[in-house]
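Taken together, the values in this text are just the output of simple stated rules run on the coordinates, not laboratory data. This structure is a prediction, so every number in the text was calculated from the model and none was measured. All Cβ positions, glycine included, derive from the backbone under ideal geometry; neighbour counts span all protein chains shown.
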Amino acid sequence: MTTAVSAQSRPSTASPTGASPTPTPVRLRLPAPTGPHPLGTVSLHLVDRARVDPWQASRPARELMIQLWYPAHTAHGHPRAPWMSPGSVPVFEREQGIVSGTLLLPTTHARLAAPVDHGRCGRPIVLYSPGLCSNRSLGTVLIEELASHGYLVVAIDHTYDADQVEFPGGRVEPFALTGDIDDALIAKALAVRTADTRFVLDQLTALNAGRRLLPPTLAGAFDLSRVGMLGHSLGGATAAAAIRADRRLRAGVNLDGSLLAPVTTGTDRPFLLFGSDLGPGPEDPSWDQFWNSQSGWKRELALTNSTHTSFTDLETLLPQAAPLLGLTPSQVTQAIGTLDPHRAIHAQRAYIRAFFDLHLRHLDNHLLQHPSPRYPQIRLIR
C-alpha cells in the first residue's frame, strides 16, 4: 500500500530512451469474465445543476460521465464496446508515452446498448470509482467480472481529477487540478467525489423509475436496496467517504487507497481493505486507524508480490505491451510486482465477488473467513 500522495499516481508505460518499439501494432486483450451472463454497457452524461463545478468555476454545473455495465439478454446485433472512448485515446497515449499506432487498445466483452436482463427483482448495484488522474476504463477487468455474475456496475469518471473525460460530441475535459497533491487537495477531492457519488445514486433512482430514457431501457433493473461501492486508490478512499455520508450504500471495498480523517473513523456497514504488499513503506497507519474504529464487518487482505498498479487493468495490459514499448522485464515487475498477472486478477475477482455476494446477496462461500489453499497469493491480515 502507498501513501496518501503517491497512492494516486499511475506508472508511465513510456519506452526507455533509445528503445525502438515494434512497428507492427498488436491488439491488447482483456481476460474474459467468468460469469454466465453476456454483458451490455451504455454511457450516460449527467449534469448536476445544483453545483457549480468545484474545480472549474466557469462551469455553471457539475458534469459527469458514467458507464453502466449489466447482464444482457442477448448480445446479438450489438457491437463490442471499446475499452476507452475514442476521444480519450490520444490523451491516454500521450500521457503514457505511447506513440500513436504502436498499440491497439483492447475491446471489452460488453456489447453497446444490448438489452438488459432485469433478473427477478432487479440487480444488485456496485459503484466503481477510479484513482486520481485515472479514469473508469482502468477498472474494466473487475467491473466485467461483477457484471457477468449478475451485478449492475456503475463506473464514475470524476471530471477534472480524471486524466481525461470525453463527453457527447467529442468534447474531452483533461485533468485540471493545480497545486501540490497534498492532504488538503485530497480532502477537497474526496468531498467532491462524495457529492458526485450521491448525485449518481439520485440519478439511478430516476433511471429505475423510468424518468430517463436510455437505448436499453433500464427501468426496474436496479435493486436500490442492495448497493455497494468499490474503488481503487483515491477511489477506495472515496468508497469509504461515501459510505459514511450516504446510508444507501450498504458495503464498500478499498483497493490500496490511503485514507484521511474523518474517513478513518470507519462506519457501521461492511468494509473490505484489500491492499498490495510491495509499496514504498510499512503498513499505512490510516488503515490501522480505520480498523480500530470500524464497527461494522471488516476484513483486511493483501495481494502478495503486488504493487499499487496491480489493482488496475495495467496488471494484464502492461506485460502485453512491454515488448512493443521496449520495456524490460524488470521495469514491468517494478510497475506491477512479481506475481503472475493471471493469478493476481483471478484472486482479486474471487475475493471482491465473495465480499459483495456476502453483503449484498447474503451468499457466503466462506472465502473471507480464513486463508484459502486455492489462493495462496492472498494473505488474510486480520
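Between the amide H of residue 253 and those of 229, 230, 231, 272, distances stay under 5 Å, these residues lying 5 or more places away or on another chain, with hydrogens modeled in the peptide plane.
For the chain, what is the charge dipole size about the Cα centre, in debye to the nearest 20, if Lys and Arg each add +1 at the Cβ and Asp and Glu each add -1 at the Cβ?
Details: 34 positive and 32 negative charges, 226 e Å.
Result for the chain is approximately 1080 debye, rounded to the nearest 20.
Check every DSSP H run in the chain and write down those whose alpha carbon atoms cover 18 angstrom or more along the long axis and whose mean Kyte-Doolittle hydropathy is 0.0 or greater.
Details: long enough: 183-208 (37 Å, 0.50); 341-360 (28 Å, -0.18).
Helices meeting the span and hydropathy rule in the chain are 183-208.
What base-10 log of the normalised intensity I(q)/I(0) is obtained for the stretch 35-380 from the Debye formula, alpha carbons as equal point scatterers, at q = 0.07, 0.08, 0.12, 0.15 Å⁻¹? Summing over Cα pairs of the stretch 35-380 leads to -0.27, -0.35, -0.85, -1.42.
In deg cm²/dmol, rounded to 500, what helix-only [θ] at 222 nm does the chain give when every DSSP H run of at least 4 residues adds -39500 (n - 2.57) and the total is split over its residues? Could you put the intermediate results ahead of the total?
Working: 8 runs with 104 residues, N = 382.
Per the formula, -8500 deg cm²/dmol.
Of all DSSP-defined beta bridges confined to the chain, some 45% are antiparallel rather than parallel.
Under 5 Å from the amide H of residue 73 lie the amide H atoms of 116, 117, each residue being 5 or more positions distant or on a separate chain, with H modelled from the backbone and absent for Pro and chain starts.
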